[in-house]
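The values are calculated or read from the model by the stated rules, or taken from the named source; none is laboratory data. Predicted, not measured: the structure shown is a model, and the values here were computed from it. FYI the Cβ positions are ideal-geometry reconstructions off the backbone, even for glycines, and counts take in every protein chain you see. What goes into the accessible areas is simple: the full protein's heavy atoms, side chains included, and nothing from ligands, DNA or RNA. Shrake-Rupley method; radii C 1.70, N 1.55, O 1.52, S 1.80 Å.
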Amino acid sequence: MLRAALLLCLTTQPARPCETALLLSIDVSGSIDAGDYRLQTEGLASALSDPEVAEALVAGQVALAVVQWSGTEEQAFVLPWQRMLSDPDVTRFAARAAALPRAFSGSDTAVGQALRFATAQFAAVPDCHRKVIDISGDGQENAGFTDAKARSEAIDAGLILNAIAIEEPGPAIPITTYYRNWIITPGGFVVTARGLQDYAETLRLKLLRELTKPIG
């Protein structure tokens, strides 16, 4: 018995702390058609499956979750918090992300309500050192009009808000400007995906920037 206990002490590794709780908040409003939705879910799965991203997730014992959002009363916690303790954990989470059914369609873009809903989910991961909301969308707020207040509430809660602005190809960047001016927190950042076809690679680079060191 004593020998078995000693062997257990020698072989059991202490649990590493959770470095980051990262909530991915995905726009499923009316401007996102069925093809666009599929590009987002497949892009999310692809980004999470990237070897560098997976390594960073496991190294930081990152807690991941996914929210889908649209109008003022339309927010859904579609993938609850899961700790990325091993490569199989990342693989399973990516597979579930790829197969997610769409929670809402054909409705408004209530960014502030989405942020408030996302902020409330972090009570379940109090031990994580950093708490980050990663919101993506292709439109400015057109319902609820609580984005500025929701941002202030997130700051008060100690959260970081980063964003992916999904822009149509071309020179104009109104969505990027909106997220930069109204959504991201001090120390946060916004990246631009030029169309949803660019979403997976943009998200991959964004995750590496959040979880390791700045890219570029």
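Couple of notes before you dig in:
- Within-13-Å neighbourhood charge of residue 182 [Cβ basis; K, R +1; D, E -1]: +1
- Over region 61-134, relative contact order from alpha-carbon pairs under 8 Å, at least 6 apart, %: 35 percent
- Distance between modelled label sites at residue 142 and residue 73, nm, 7 Å Cα→Cβ extension: 2.0 nm
- Annotation for region 88-125 versus region 56-79: alpha-carbon center distance of 4 Å.
- Cα-based shape type of region 75-130, given that a ≥ b ≥ c are square roots of the gyration tensor eigenvalues and the cut on a/c is 1.5: oblate
- Model label zone, residue 157; criterion: amide N under 17 Å from point 7 Å along Cα-to-beta-carbon; scope region 179-205: 183-186, 188
- Helix content alone sets the calculated 222 nm mean residue ellipticity of the chain: runs of n ≥ 4 DSSP H residues at -39500 (n - 2.57) each, divided across all residues, give -12500 deg cm²/dmol.
- Length-normalised contact order of the chain in % [C-alpha pairs under 8 Å, at least 6 apart]: 23 percent
- Dipole of region 146-216, positive end: most advanced residue of 199, 176, 160 [Cβ charges, Cα centre]: 160
- Two-site label geometry, residue 98 and residue 120: point separation in nm, points 7 Å out along Cα→Cβ: 3.3 nm
- Simple point charges give the picture: +1 on the Cβ of Lys and Arg, -1 on the Cβ of Asp and Glu, and for the chain a dipole about the Cα centre of about 760 debye.
- When all protein chains stay in place and ligands, DNA and RNA are ignored, the 1.4 Å accessible-area order of 19, 73, 52, 167, largest first, is 73, 52, 19, 167.
- Simple spin-label estimate for residue 168 and residue 82 in nanometres, 7 Å along Cα-Cβ: 3.7 nm
- Length added when fully stretched, residue 194-residue 212, from 0.36 nm per residue minus Cα-Cα: 4.1 nm
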